[in-house]
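Accompanying notes for the structure given below.
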Amino acid sequence: MLSTSGRTLHPLIPALLVLIAALAWQAGANSANTTRPPAQPTAVATVDIVTIFDQLTELKDLEAKLEQRRTSSQADLEEVNTRLKTISADLEAMTRGTEDYKNKVKDAMELQAVLKARSEALNQILSIERGSMTRDLYNKVSDAISRISDREGYDVVLFDDSTFIVPENAAYQDVYRAIVTRSLMYRHDSVDITNQVVSLMNSEYTP
């Protein structure tokens, strides 16, 4: 059996161990650098979508056209409403319980149903048209933001909701929701490209 009581550590072994550890660390670092290069600074910009929509000439024109369609359809509803008022006036002058009176009541009920159905249908149609209009305009805004970002070198464009006001004298749930749903706490004016988007879209818009 070999005795270990007289064994001594070779003086070069500690140095070799340190060298091996250093080489292993360097190899690991090189491997990490190969799989993922150092992060580069990210260029960030912000936009206020609400302000963009409010200042677009195209939106004003689309709203005007939508209002024209509402006015035209409202005229049809007013025609039905006028007929209903005429029948109501006739009923006041007629004797209750007669066959003519009952027929007039029936006519009035039918017109009321028609008026209600047409009014609800009009509101639904206009709502869908407004939704389609807003969607198309949003796609144009997104395209303008993309082109400005490519030109100016922005990597990320965030929706600026930092100016949204947390409600006062509101229920806890409303205040809390207004806080936790906010995506941007602060931005410097220099990163805001809202006016650039508005200027680009208004300059390209042809009525």
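Derivation of every value follows stated rules applied to the coordinates shown; laboratory data play no part. On a predicted model such as this, the values are computed, not experimentally measured, just so you know. Every residue, glycine among them, receives a Cβ derived from its backbone with ideal geometry; neighbour counts consider all protein chains shown.
What shape does region 100-148 take by its C-alpha gyration tensor, where a ≥ b ≥ c are the square roots of the eigenvalues and a/c under 1.5 counts as rounded, a/b above b/c as prolate, and the rest as oblate?
prolate
For residue 102, list the lysines whose Cα falls under 23 Å from its own Cα; do not include residues on the same chain fewer than 8 positions away.
Answer for residue 102, where 23 Å is the Cα cut-off: 85, 116, listed by chain and number.
Considering only DSSP states other than H, G, I, E and B, which trypsin sites (Lys or Arg not before Pro) in region 96-168 qualify as loop sites with at most 14 other Cβ atoms within 10 Å?
96
What is the distance in Å between the Cα centres of region 58-104 and region 168-199?
45 Å
Quick one: which residues, 5 or more positions from residue 157 or on another chain, have an amide H under 5 Å from its amide H? H modelled 1.01 Å from N in the peptide plane, none for Pro or chain starts.
Long-range HN contacts for residue 157: 45.
Enumerate the calculated ³J(HN,Hα) couplings along region 106-119 in order (Karplus 6.51 cos²θ - 1.76 cosθ + 1.60, θ = phi - 60°), each rounded to whole Hz, writing x wherever the residue is Gly or Pro.
4, 4, 5, 5, 5, 5, 4, 5, 5, 4, 5, 5, 5, 5
³J(HN,Hα) across region 120-133 via Karplus (A = 6.51, B = -1.76, C = 1.60, θ = phi - 60°), whole Hz, x for Gly/Pro?
Each residue of region 120-133 in turn: 5, 5, 4, 4, 5, 5, 5, 5, 5, 4, 5, x, 5, 4 Hz.
Given points 7 Å out from each Cα along the Cα-Cβ axis, report the residue 96 to residue 152 separation in nanometres with one decimal.
Taking the two extended label points, one gets 7.2 nm.
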